[in-house]
1. With (1) farther than 18 Å from Asn435 by Cβ; (2) without any contact (Cβ under 8 Å) to a residue 12 or more places away in the chain as the list, and Pro579 as the residue in question, which single condition is left unmet?
2. So the check is Cβ under 7 Å with 6+ separation or different chains; which pairs have a first residue in segment 47-62 that's on the phi < 0 side of the Ramachandran plot and in the same structural domain as His6 (by TED's automatic domain parsing) and a second one that's of a type in the set (Gly, Ala, Ser) and not in a helix (DSSP H, G or I)?
3. Looking at Asp394 and the list (1) at pLDDT 95 or above; (2) touching a strand residue (DSSP E or B) at 6+ places or on another chain (Cβ under 9 Å); (3) of a type in the set (D, E, K, R), which single condition is not satisfied?
4. Are there any pairs with C-beta distances below 6 angstrom linking a residue in segment 588-607 that is under 15 Å from Gly96 (Cβ atoms) and in contact (Cβ under 8 Å) with a residue 40 or more places away in the chain to a residue that is part of a helix (DSSP H, G or I) and of a type in the set (S, T, N, Q), with the two at least 6 apart or on different chains, and if so which?
5. Within segment 74-92, which residues are in contact (Cβ under 8 Å) with a residue 12 or more places away in the chain and in a loop (DSSP other than H, G, I, E, B)?
6. Keeping to segment 413-437, report how many residues are under 11 Å from Tyr385 (Cβ atoms), within 11 Å of the chain's Cα centre (by Cα) and part of a loop (DSSP other than H, G, I, E, B).
7. Among (1) outside any helix (DSSP H, G or I); (2) at pLDDT below 90, where does Ala139 come up short?
8. Checking the conditions here, which among Leu620, Leu581, Leu554, Leu541 is aliphatic (A, V, I, L, M) and at pLDDT below 95?
Amino acid sequence: MLKDIHSGDDLRALGKGELTALAGEIRQTIIRTVLANGGHLSSNLGSVELTLALHRVLDLPRDKLVFDVGHQSYTHKLLTGRLEKFGTLRQKGGLGGFMRPDESPYDVCMTGHASSSISTALGLARARDIMGGSHRVVAVIGDGALTGGLSYEALNDAGHSGTRLIVVLNDNAMSISRNVGAMSAYLTNLRQSTPYRSIKRGIRSGLSRIPLAGRGILRALEKVRNALRTLFLEDRFFEALGFEYQGPIDGHNIRQLEKVLRRAADCPHPVLIHVVTKKGNGYAPAEEHPDRFHGVAPFFVGTDAGQGEQAVENGRIMAAELIDMALRDLRVCAVTAAMPTGTGLSAFAKACPDRFYDVGIAEEHAVSMAAGLALAGMRPYVAVYSTFLQRAFDQILTEVCLQNLPVTLLVDRAGLVGSDGATHQGAFDLMYLGNLPGMTLAAPRDQRDLRRLLQLSLSMEGPMAIRYPKDAFDMGPGMQEGGELKPGEWELLMDGHDVMILAVGRMVELALAVSIELNGKQLSCGVMDARFIKPMDEEKLFQVANRVALVVTLEEGSVLGGFGCAVMEKLAKAGVQVPLLPLGIPDCVIEQGSIDQQMEDAGLTCRQVSERIRERMLELFHGDQQD
């Protein structure tokens, strides 16, 4: 049936039984694809009926539909001509895991991060009003995204504006892990309110006794229900912001959803429709463990997709060390922004529940709150993915760095991250953290180094950031753990007389492979573990710069404004003249694919780096001959 759906008209021609069958087919398609490719499973299974109802009511793409994050847009993709390519989901050159305008005119904007949909939708609605348009604008946002402050800025502005806008709140009591905070409790109260549930049951019972109840009677009774709901439910949060509140609505009842959506579509003012769905609906393992099946690696149906948003090994190593530190020092506490499982801090939460804080999707608040903890004498550790920490740049500067507070940022998923694609690459943390005053910025070469840096952080008197990748990076028994680390100290791993590679983080392993490759071709190449990006080990830097023909910087971050640029500036300021070859992620978008594919796209494979160094050395050699 799905192969015959090409537009909203095709959907509107289906009867109730056919819609139910189509929903089942969509779920099977999503499960089959995600088990092969990985992806976001629970959120998409929970929003099938809601998406079907939206497509039946709206005139897409004339009307504008914005999914927050976009991790629940798989059904939308299947209904908009992308069925044949759906098997390429999250693969190199294939369909993206989020909304992308370059894929389809049905995708209004690029998405990937939470809490921004209402802002975008309000901009679209205001532009429509200015240009005399009449189309509808709808934002679909999850209750998890309502823990982000940006959503409230948008709600406040949209309600005040009075412009025609529909916000659909998809309430499944989850973001990735279970939601936290006052808004979650508020929504739970709305869902479970005894007076409201009693009113609904009473009206349904009464309607069942009225033979052939007409549309007028039905609407009158619904108005009574809404009035009584307002009377019995004292909280009127969304109404206070300027929205007409409708709900809670069963998010798996397509007919009921359509009825409410059509009514909202005619409203001349902002409307918020509160829809209650079940994350993972239709697939029992995902229903039972929606957090494990939020974002998953490829798996077999019927098995535990434990690789999803579970912590990768680096997170477990970090959490285990942090727990040991916390058991020895009562000042140690941990903060995360809706990522306790993915960062590994769920283990810390179990071991030290009174010193663990999940603040929801609120990275700015996480950092500012950590600053308050530090001001009171605590030693807070803030674990956030690199791509999401970008949101808190202002707070890192003003709240932490300018006050020189001992807040340690644990920058997870730094560097290239694979199939989540462009919006999730951790390519810029070296750039924005390395420019902050007083910041100590370090990158461990492997998991043993990660533990050593964590131990060091406890003795730091100011801010520190430790960045580490998504994939495990254990270099094996051949790379032994050194002694106690000192801030700013580099480590010479292999000496060389022609070339010296200054490698950052897990690029140390690549640098050693390149060194072996070049030494086998009669080019003496050394490797320096430049684990501290800031402050630098100036003594070692100047020593090697004054005795080699070429210095190479190798980083898994943006080459613009990153470690290489900082080395160049340091050498120039000291008057040290040596050719420098900065290698890292180039000034372009690195699209989805495997991490190995992305490394190749960035020019960061052993073969590519070796060739770049040999080419540069040949240029220098020929230049010397001409002189």
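1. (2)
2. Close Cβ pairs (under 7 Å, with a partner that is of a type in the set (Gly, Ala, Ser) and not in a helix (DSSP H, G or I)) amount to Glu49/Gly251; Leu50/Gly251.
3. The failed condition is (2).
4. Every condition considered, the pairs that remain are Ile590/Gln598.
5. The answer is Leu79, Thr80, Gly81, Arg82, Leu83, Leu89, Arg90, Gln91, Lys92.
6. Looking only at that region, the number is 4.
7. Result: Ala139 passes all but (2).
8. Working: Leu581 fails: at pLDDT below 95; Leu554 fails: at pLDDT below 95; Leu541 fails: at pLDDT below 95.
It is Leu620.
The values are calculated or read from the model by the stated rules, or taken from the named source; none is laboratory data. Predicted, not measured: the structure shown is a model, and the values here were computed from it. Backbone-built Cβ (ideal geometry, glycine too); neighbour counts: all protein chains shown.
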